[in-house]
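Chemist: The following block contains the structure, expressed as structure tokens.
The values are calculated or read from the model by the stated rules, or taken from the named source; none is laboratory data. The shown structure was predicted, so the numbers you read here are calculated from the model rather than taken from an experiment. Because the Cβ atoms are built from the backbone with ideal geometry, glycine has one as well, and the counts that use them run over all protein chains shown. The area values use the complete protein model at the heavy-atom level, side chains included, leaving out ligands, DNA and RNA. Shrake-Rupley method; radii C 1.70, N 1.55, O 1.52, S 1.80 Å.
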Number of protein chains: 2
Amino acid sequence: MPNDAPQTKRAATEAYGARVVEYAPEETTREEIASELQAEHDYILIPPFDHADVIAGQGTAALELLEEVKTLNMLLVPCGGGGLLSGCAIAAKGMDAHCRVIGIEPALADDATKSFHSGTLHTVTNPPTIADGTRTSSLGELTFPLLLQHVDDMKTVSEDAIKDAVKFLFYRMKLVVEPSGALGLAALMSGTVTPNGKVGIIISGGNIDAAMMIEILNS
Amino acid sequence: MPNDAPQTKRAATEAYGARVVEYAPEETTREEIASELQAEHDYILIPPFDHADVIAGQGTAALELLEEVKTLNMLLVPCGGGGLLSGCAIAAKGMDAHCRVIGIEPALADDATKSFHSGTLHTVTNPPTIADGTRTSSLGELTFPLLLQHVDDMKTVSEDAIKDAVKFLFYRMKLVVEPSGALGLAALMSGTVTPNGKVGIIISGGNIDAAMMIEILNS
């Protein structure tokens with residue numbers, strides 16, 4: 001985990017029995033650390049998003065939603081590395097070909113939006129967004145082409161819109177959602193996306209520590 | 001609403017279209033204010049807990065749980081005025097006669113526990129517990145006899161145990177729960193109640209404002 005990961009994420013991971021290896025994002029990358037550990041211990045790497053099984057697994061979020069609601073005119077999905085988004089797009093289109101799937105990124109970390117609209121992979125280094133789950137440097141080798149093929153559009157939201165969505169989820173839905181997980185709702189609430197018929201939103205991720213939640217509730 | 005009600009409770013109530021009438025708990029009571037408004041405007045009073053329909057409605061929380069899990073060895077239910085507790089006890093016993101129903105109160109507001117164990121109605125005035133939903137002065141005319149008839153035991157929990165439960169719900173269940181709503185979990189986590197077989201917990205109430213949640217997360 002990067003040394004700026006939410007404290008609660010680290011504490012919860014350790015409480016579930018894991019050994020956490022910390023690294024400094026400005027000095028090295030997760031991938032380098034993981035390669036070293038693999039070589040040393042014969043570990044098997046489970047990539048966070050750029051793997052067919054991971055993409056399929058994350059897509060079950062949309063699959064379960066569509067199984068329940070049958071049809072959707074629009075589905076809004078947060079986008080970091082693109083695993084959740086591409087998996088959900090494949091699942092949603094498979095269940096309802098007319099469902100328009102839109103990926104949502106923070107404006108401060110809009111590499112995927114730029115990549116989607118230009119057809120060329122853009123990268124970004126440690127973008128300063130509050131949505132720490134989207135601080136991935138770029139889409140993956142698998143997720144980028146899947147996005148181009150299955151996603152209908154990409155939109156970005158402001159930091160304020162993300163905070164407003166986290167607050168709404170806290171006060172009205174009684175849910176603890178991390179900023180990255182609230183991107184879809186942020187797009188709807190801020191008017192970035194115009195709702196059309198029945199709209200689904202994937203809300204995913206509750207790794208938020210007290211300091212971050214307090215900053216948002218006080219904002 | 002008392003003038004010390006959570007700000008978010010008031011804001012949400014107004015946003016849903018209600019007109020909120022504020023009162024000072026040290027000067028008058030909700031009941032007096034409501035009587036005046038009834039006389040003046042011909043309003044119909046919906047009591048917060050001491051009415052058969054309200055008790056039955058609150059009991060659907062346990063009914064739905066038992067419909068899903070079929071049997072329970074133990075059910076833990078928060079207790080303020082006793083509406084949720086008596087309703088849940090009736091519903092749980094109706095679904096599974098062997099389910100042991102235990103009401104949980106803050107130790108600082110233990111009027112119902114004293115009433116239950118002594119058979120005589122105890123009252124308490126503005127108890128200083130963090131669990132503001134249990135600051136009712138006593139059980140009601142209906143809920144007190146129903147508790148004696150259908151509830152198996154009453155237990156109390158400390159303020160620290162309540163805070164720990166709210167924190168656990170925030171960090172691990174990703175739920176925003178007010179202190180009163182977390183009483184059942186507080187009893188289980190603090191060892192006040194010894195789990196026996198399959199234990200159900202009614203978690204009810206998310207009226208918590210930023211200041212209170214921040215105080216609890218920082219505790």
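Chemist: Return the loop-located chymotrypsin sites (Phe, Trp or Tyr not before Pro) in segment A:1-110 (DSSP other than H, G, I, E, B) with at most 16 other Cβ atoms within 10 Å of their own Cβ; answer none if there are none.
Modeler: Those satisfying the criteria are A:Tyr16, A:Tyr43.
Chemist: Note down the magnitude of the dipole of segment B:59-141 about its Cα centre, charges +1 on Lys and Arg C-beta and -1 on Asp and Glu C-beta and zero elsewhere, to the nearest 20 debye.
Modeler: 180 debye
Chemist: By what distance, in whole Å, do the Cα atoms of segment B:168-219 stretch along each of the three principal axes, largest value first?
Modeler: For segment B:168-219, the Cα extents along the three principal axes come out at 37, 20, 18 Å.
Chemist: Based on Cβ point charges of +1 for Lys and Arg and -1 for Asp and Glu, what charge dipole magnitude is obtained for chain A about its Cα centre, in debye rounded to the nearest 20?
Modeler: 1000 debye
Chemist: How high is the FRET efficiency from A:Thr125 to B:Glu68, r the C-beta distance, R0 45 Å, rounded to 0.05?
Modeler: 0.40
Chemist: Determine the gain in length on full extension of the stretch A:Thr194-A:Glu14; use 0.36 nm per residue of separation and subtract their C-alpha separation, reporting nm with one decimal.
Modeler: In short, 60.7 nm is gained.
Chemist: Let me ask something else. Relative to the present Cα-Cα distance, how much length would full extension add between B:Ala97 and B:Arg172 at 0.36 nm per residue of separation?
Modeler: 23.8 nm
Chemist: Now for a different question. Roughly how far apart, in whole Å, are the Cα centres of segment B:81-107 and segment B:193-219?
Modeler: Distance between centres, Cα-based: 18 Å.
Chemist: What percent of all Cα-Cα pairs in the protein assembly as shown falls into each 20 Å bin, going from 0 up to the bin containing the maximum distance?
Modeler: Going out from 0 Å in 20 Å bins, the protein assembly as shown shows 22, 47, 27, 3, 0 percent.
Chemist: Just the C-alpha atoms of segment B:1-70: what Rg/Rh do they give, with Rh taken as the Kirkwood radius?
Modeler: 1.08
Chemist: Kindly state, to the nearest 0.05, the FRET efficiency for B:Glu215 paired with A:Ala52, given R0 = 35 Å and r defined as their beta-carbon distance.
Modeler: Approximately 0.15, to the nearest 0.05.
Chemist: Just to be sure I understand: if you take the accessible area of chain A alone plus chain B alone and subtract the pair, with a 1.4 Å probe, what total do you get in Å², rounded to 100?
Modeler: In total, this chain pair buries about 1600 Å².
Chemist: Here is a follow-up. Expressed in nm to one decimal, what extension gain is obtained for the pair A:Glu22 and A:Ser118 from 0.36 nm per residue of sequence separation less their Cα-Cα distance?
Modeler: Length difference between fully extended and current span is 31.1 nm.
Chemist: Same structure again: Accessible area per residue, 1.4 Å probe, Å², for chain B: what's the number?
Modeler: 48 Å²
Chemist: Are there residues in segment B:165-191 whose accessible area shrinks by at least 30 Å² when all protein chains are included rather than the chain by itself, and which are they (probe 1.4 Å, ligands and nucleic acids not counted)?
Modeler: B:Phe170, B:Tyr171, B:Arg172, B:Lys174, B:Val176
Chemist: For segment B:3-52, with the dipole built from +1 on Lys and Arg beta-carbon atoms and -1 on Asp and Glu ones, taken about the Cα centre, which of B:Ala5, B:Tyr16, B:Leu37 lies farthest toward the positive end?
Modeler: With unit charges placed on the Cβ atoms, the residue in question is B:Tyr16.
Chemist: Right, something else. At 1.4 Å probe size, with the rest of the protein present, what percent of the exposed accessible area of segment B:17-81 is carbon and sulfur atoms?
Modeler: The computed percentage sits at 52.
Chemist: In nanometres, what is the gap between the two model label sites at A:Glu141 and B:Ala39, each 7 Å from Cα along Cα-to-Cβ?
Modeler: Between A:Glu141 and B:Ala39, the simple spin-label model gives 8.1 nm.
Chemist: Another question, if that's okay. In debye, nearest 20: dipole of the protein assembly as shown around its Cα centre with unit charges on the Cβ of K, R (+) and D, E (-)?
Modeler: 760 debye
Chemist: Using Cα positions and a limit of under 20 Å, work out the lysines in reach of B:Lys70, with same-chain residues fewer than 8 apart set aside.
Modeler: B:Lys93, B:Lys198
Chemist: How about segment A:1-68: which trypsin sites (Lys or Arg not before Pro) there lie in a loop by DSSP and see at most 14 other Cβ atoms within 10 Å?
Modeler: Within segment A:1-68, the qualifying trypsin sites (Lys or Arg not before Pro) (loop, at most 14 other Cβ atoms within 10 Å) are A:Arg19.
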